[in-house]
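Student: My structure is below; once you've seen it, I'll send some questions.
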Amino acid sequence: MLEAVADLYQQFLSGLPEPASLLIDFVVTLFPKLLDGAFVSVQLLLLSGVVGNVLALPVALARVSRNPLLRVPSYLFILLMRGTPLLVQIYILYYGVGHILGQIPLVRSSLLWRHLDAFWYAAAAFAINTAGYSGEILRGAILAVPHGEIDAARAFGMSKGLILRRVILPQAIRISLPTFSGETIALLKATAIASTITVYELLRVTNEAYAASYRFDECYISAAIVYIALSYVLTRAFYFAERQINKDRLPPSDRKAARPLESLRAA
Amino acid sequence: MAEPSYIELLGYGGPNGWGDDLLWGAWETVQVAACAYAVGIVLGLIGAGAKLTGRRAAFVVSDIYTTVVRSVPELLLIIYIFYRAPVALQALARALGSDAAIDLDPFLAAVAALGFIVGAYTTEVFRGAILAVPTGQMDAAKAIGMSWWLRTRRILLPQMLRYAIPGLGNIWLGTTKEAALVSVVSLNELMNAGKQAAGGTKDYFFFYSIVGLCYLVITIASMAGIARLERWSNRGVRRV
């Protein structure tokens, strides 16, 4: 069955019949390579996602600050990150800053220089970019926390730090989670841009597999399938996290669904 | 020979001036983005219509379209469509019985690739905007005997557009930035002009920063335009 479909597909593409076994063999040997690339993509995603979102907190706090010395730089940073293409940012960092760093003898001779390959430039660019995007999301979420709650916390005598930690942030995270889910998928897609600065992530591996085989559709459609699978896993994970965080707010009929393990045990 | 100054590097023409190349690149970027945006709006109207007609097959096709575009990297889609569009066109010509060799202009292939991506996002915006128009109005229009096209044109589109403009504005901002990605498939737009200038002078940091600045100018100008458009589309609507 599979072979018949593959045969038809080949004929449709090239007009020339190709033994289906060849195509299947090719895809079977291609997938492990793609998964290696996907592993690097996921590393980039996790590293820059975690670092970027941690950096997003000070960016967001500076953005809502009353002090213009904090507010204005944060505003400009967010504008710069959101107003220019990520491709340009990554080029500025990898070629621009990398070139400048390479001219400093002290940096060049240091041990770090040898380990500073394209992967780290890409991760840094993604992290900084994420700090800008997530900072803006977090800012909106912080402003959406009802003001009465902050007044109440203040009336209790809570310090600024305590209010932030106990009242503002838990709610801001809850509010921003759906948007944050979309941002993470966008970051996964953005990791493909690292292929342009020679990082061996999924798209780079795909490009090279194509260059070695000239099988365009097989390579790129397979890579697309891997990306779709990764996005699907991420979407489900965020959906699950959202249900967990909002457990106390769901209508009673939905509460059981929010704890899939428990409903399994009951059944 | 003395190092050319930064002002000279950005000069218009001359042996060391890259200003004209960058300016033409920026113009090309705006053109690609604008054409892709137009394609995307048409695709989005079709896609949103397909999602809302109630026909299962149409919904499934449109849903697969938006899901794929939203989970596959833009760069991969651009590479795929850019190289596949001419082949697909050739196959179409062959199927129609023509032997003519079709040579698709890289600009049009880039527009097709970018437009395909934009269409998925506009589909979602239009879908939401159409759903925001009260259904009773379309029923009333039907009841007084308006044809499908007349009530779409007079009732649905004008009201839907008001809801769609903020989302469409965001998509436009995204499109200008995604247009930088078509530099990967060799089109002489802003990003590639910057690459050539940076490679030719080895002044990477300077030229990529200038390129970034150009994109920032495009973004800020667009934001001002979108704000005006939003004000215009909301004229006469009570502010809550």
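Student: Where Rh is the Kirkwood radius over the Cα pairs of the range B:104-179, the temperature 37 °C and the viscosity 0.692 mPa s, what D in µm²/s does Stokes-Einstein return?
Tutor: Result for D is 232 µm²/s.
Student: Then there is this: If you average the sequence gap of Cα pairs under 8 Å that are 6 or more apart and divide by the length of chain A, what percent do you get for the contact order?
Tutor: 24 percent
Student: Still on this structure, please answer the following. On C-alpha positions alone, give me the angle between the axis of helix A:202-213 and the longest principal axis of chain A, in degrees, nearest 10.
Tutor: Between the helix axis and the principal axis of chain A, the angle is about 10 degrees.
Student: If you don't mind, there's one more thing I want to ask. Take each uninterrupted DSSP H stretch in chain B, measure its Cα extent along the helix axis, and return the ones at 15 Å or beyond whose mean Kyte-Doolittle hydropathy is at least 0.5.
Tutor: What comes out of the filter, once short or polar helices are dropped, is B:19-52, B:56-71, B:74-95, B:106-132, B:204-233.
Student: I would also like to ask the following. Between the helical axis of A:2-14 and the dominant principal axis of chain A, each derived from Cα atoms, what acute angle in degrees is found, rounded to the nearest 10?
Tutor: That works out to roughly 80 degrees.
Student: Follow-up question, since we're still on this one. Go from 0 up to the bin containing the longest alpha carbon distance in the range B:99-240, width 5 Å each, and give me the % of pairs per bin.
Tutor: Computed distribution, short to long bins: 2, 8, 13, 13, 14, 13, 11, 9, 7, 5, 3, 2, 1, 0.
Student: Shape call for the range B:141-182 from the C-alpha gyration tensor, a ≥ b ≥ c root eigenvalues: rounded (a/c under 1.5), prolate (a/b greater than b/c) or oblate?
Tutor: Verdict is prolate for the range B:141-182.
Student: Please state the Cα pair-distance histogram of the range A:39-160 with 5 angstrom bins from zero: what percent is in each bin?
Tutor: Spelled out bin by bin, the range A:39-160 gives 2, 11, 15, 17, 16, 14, 10, 6, 4, 3, 2, 0 percent.
Student: Something else: Convert 20 °C to kelvin, take the viscosity as 1.002 mPa s, use the Kirkwood radius over C-alpha pairs of the protein assembly as shown as Rh, and evaluate the Stokes-Einstein diffusion coefficient in µm²/s, rounded to a whole number.
Tutor: 83 µm²/s
Student: Dipole size in debye (nearest 20) for the range A:87-197 around its Cα centre, Lys and Arg Cβ +1, Asp and Glu Cβ -1?
Tutor: I would put it at about 240 debye.
Student: Quick check: Cα centre of the range B:44-73 to Cα centre of the range A:60-100, how many Å?
Tutor: Here the answer is 36 Å between Cα centres.
Student: By how many degrees, 0 to 90 and rounded to 10, does the Cα axis of helix A:20-64 deviate from the longest principal axis of chain A?
Tutor: Roughly 20 degrees between the two axes.
Student: Just need the relative contact order of the range A:36-178 here, percent rounded to a whole number, with Cα pairs under 8 Å and 6+ apart.
Tutor: Here the relative contact order equals 35 percent.
Student: Could you tell me, in Å, what Rg and Dmax come out for the Cα atoms of chain A?
Tutor: Looking at chain A, its Cα Rg and Dmax stand at 23.8, 79 Å.
Student: For chain B, count the residues as N, evaluate 2.2 N^0.38 Å, and divide the Cα radius of gyration by that value, please.
Tutor: That ratio works out to 1.24.
Student: Quick check: Cα centre of the range B:179-237 to Cα centre of the range A:181-209, how many Å?
Tutor: The distance from the Cα centre of the range B:179-237 to that of the range A:181-209 comes to 22 Å.
Student: Further, regarding this structure: Do me a favour and compute the ellipsoid semi-axes for the range A:142-248 from its Cα gyration tensor, root of five times each eigenvalue, largest one first, whole Å.
Tutor: Listed largest to smallest, the semi-axes of the range A:142-248 are 45, 15, 8 Å.
Student: What are the ³J(HN,Hα) values, in whole Hz, obtained from phi via the Karplus relation 6.51 cos²θ - 1.76 cosθ + 1.60 with θ = phi - 60°, for each residue of the range A:230-241 in sequence order, with x given for Gly and Pro?
Tutor: Taking θ as phi minus 60°, the curve returns 4, 4, 4, 4, 4, 4, 4, 4, 5, 4, 4, 4 Hz for the range A:230-241.
Student: Which cross-chain or sequence-distant (5 or more) residues have an amide H under 5 Å from the amide H of B:TRP18, H modelled 1.01 Å from N in plane?
Tutor: Amide H neighbours of B:TRP18: B:LEU10, B:GLY11.
Bear in mind that the values in this text are calculations on the coordinates, not laboratory data. Computed from a predicted structure; not experimentally measured. In this analysis, Cβ positions are derived from the backbone assuming ideal geometry, glycine residues included, and neighbour counts consider all displayed protein chains.
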